[in-house]
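The values are calculated or read from the model by the stated rules, or taken from the named source; none is laboratory data. Predicted model only: the values in this text are computed from it and were never measured. Cβ: placed from backbone, ideal geometry, glycine included. Neighbour counts: every protein chain shown. For the accessible areas, the whole protein counts, side chains as well, though only heavy atoms, and no ligand, DNA or RNA atoms are used. Shrake-Rupley method; radii C 1.70, N 1.55, O 1.52, S 1.80 Å.
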Amino acid sequence: MAWTVYQFFLSGLMLITGSINTLSTKWADTSNGTGNPYYGEKYADLRRFDHPFLQSVGMFLGEFSCLLVFKIAFLMAKRKAESGQEVSVGLSKLIDGNQSFNPLVFWPAALCDMCGTTLMYIGLNMTDASSFQMLRGAVIVFTALLSVIFLRKIITNQMWLGILFVILGLVVVGLADFLNPGTSSKTNSDTNLVITGDLLIVMAQIITACQMVYEEKFVSHHNVAPLQAVGWEGIFGFGTLSLLLIPMYYIKVGKGGSFITADPYYRLENALDAFYQMGSNWQIIVAQVGNVVSIAFFNFSGISVTRELSATTRMVLDSLRTIVVWVVSVIVWDPFNAVQIPGFILLGLGTAIYNGLLTKPFKRLVARCRGRSYDDGEAEPLLS
């Protein structure tokens, strides 16, 4: 069946906003700005924008906006129903879900998201945007292992094969960064910094996998509308991390923690300095706003793509997002690294094998020839 204009729009929106999400964060990381000397003379110096904790707050703000969209859609549908008007199918799908649940169930998931996202943003400060996007594929490996332990799931031979390809892809991407650390790395110490960034991103996938397993075990049975679930997670993440920014100002990590922060006095996070830097460079403002807005639209479009098309289509678009990020990174920031290409192919192939993307069309064809129906078994992920 041919795609409709609306489906093409949703797919394009997911691909573009998903790419902007990573690229805008990297753009902010590579931009420079001056702070307020009131907090210390060194703050007046031109420095790179290195505020991963504040960037995570912006990410949660984008997720929180999804709840506002849900509430607006819910009220629109309610008013139409009360006035006897027919509620459109698209609007019904957007708000379809259980409303009798305790929102606190999303708090542990938000804490996992907070730790994982912040760790990834710290790693992104040290490595290339293309490597960052590819290494996020490691989440499949850890999710599968944790699902076996906590959800008693059975991993098929096909899934193990996919995991093997993903691991090989991760090794190749790591090797690519070791052989060619990027534009800012010219010494052995810089190479170590890039590898450290890669390891932090992979470690963050363990936390993300914990989040996914928690959601499946404790959240999915509530049958909450995905857009509403993302919004509640955004509220808890935004509130928790915003409060934590206060003690972070007084925590000093010392020179040994300079890989975490570029603060001249080694504060773990200085949100006020971040806003002053944003005020001194419009590019940082645009990048930060782009990050918040893209997160909101990416979650909305991703959920809509799964419902309008399929989870497989969403996975393919996510793989295409990695290509877009890689191409833009090579053009704007990073030198061409040919070793990354086989790494990306292995990661994409592993993801496709794990999700059955290569076998489902064949199984569907066989079932059709036998006059039977074939269920893809594609369940919509609760959170994107």
Does M76 qualify as being farther than 19 Å from Y276 by Cβ, free of Cβ contacts under 8 Å to residues at least 60 places away in the same chain, touching a helix residue (DSSP H, G or I) at 6+ places or on another chain (Cβ under 7 Å) and assigned to a helix (DSSP H, G or I)? yes
Kindly establish whether Y249 is open to solvent by 40 Å² or more (accessible area, probe 1.4 Å), in a helix (DSSP H, G or I), under 21 Å from H51 (Cβ atoms) and of a type in the set (S, T, Y). yes
Select, from L61, L91, the only residue that is surrounded by 11 or more Cβ atoms within 10 Å (Cβ to Cβ), in contact (Cβ under 8 Å) with a residue 40 or more places away in the chain and out of contact with any His (no Cβ under 7 Å at 6 or more places or on another chain). L61
Search result, residues across segment 115-154 that are open to solvent by less than 20 Å² (accessible area, probe 1.4 Å) and of a type in the set (A, V, I, L, M): M120, I122, L124, M126, A129, M134, L135, A138, V141, A144
When D177 is run through (1) touching a Ser or Thr at 6+ places or on another chain (Cβ under 7 Å); (2) farther than 17 Å from F344 by Cα; (3) modelled with pLDDT under 90; (4) surrounded by 21 or more Cβ atoms within 10 Å (Cβ to Cβ), the failure sits at (2)
Which residue out of L68, L54 is open to solvent by 50 Å² or more (accessible area, probe 1.4 Å) and of a type in the set (A, V, I, L, M)? L68
Has segment 313-327 got at least one residue that is open to solvent by 30 Å² or more (accessible area, probe 1.4 Å) and more than 19 Å from the chain's Cα centre (by Cα)? no
Any residue that is buried (at least 19 other Cβ atoms within 10 Å of the Cβ), touching a residue at least 60 places away in the same chain (Cβ under 8 Å) and on the phi < 0 side of the Ramachandran plot - is there at least one of those in segment 32-41? yes
So for segment 81-96 (the condition being of a type outside the set (V, I, T), out of contact with any Ser or Thr (no Cβ under 9 Å at 6 or more places or on another chain) and closer than 22 Å to R267 by Cβ), does at least one residue qualify? no
Quick check, is L75 farther than 30 Å from D29 by Cα and either open to solvent by less than 50 Å² (accessible area, probe 1.4 Å) or out of contact with any Lys or Arg (no Cβ under 9 Å at 6 or more places or on another chain) (or both)? yes
Just give me the residues in segment 263-307 being open to solvent by 60 Å² or more (accessible area, probe 1.4 Å), in a helix (DSSP H, G or I) and touching a Phe, Trp or Tyr at 6+ places or on another chain (Cβ under 9 Å), in sequence order. L272, Y276, Q283, V286
From the options V224, V213, residue that is in contact (Cβ under 8 Å) with a residue 60 or more places away in the chain, touching a Ser or Thr at 6+ places or on another chain (Cβ under 9 Å) and farther than 21 Å from Q55 by Cβ: V213
How about segment 344-378: which of its residues are open to solvent by less than 60 Å² (accessible area, probe 1.4 Å) and modelled with pLDDT of 75 or more? F344, L346, L347, G348, G350, T351, A352, I353, Y354, G356, L357
Looking at A81 and the list (1) surrounded by 14 or more Cβ atoms within 10 Å (Cβ to Cβ); (2) in a helix (DSSP H, G or I); (3) among the hydrophobic types (A, V, I, L, M, F, W, C); (4) without any contact (Cβ under 8 Å) to a residue 60 or more places away in the chain, which single condition is not satisfied? (1)
Please count how many residues of segment 333-343 are in contact (Cβ under 8 Å) with a residue 40 or more places away in the chain, part of a helix (DSSP H, G or I) and open to solvent by 50 Å² or more (accessible area, probe 1.4 Å). 1
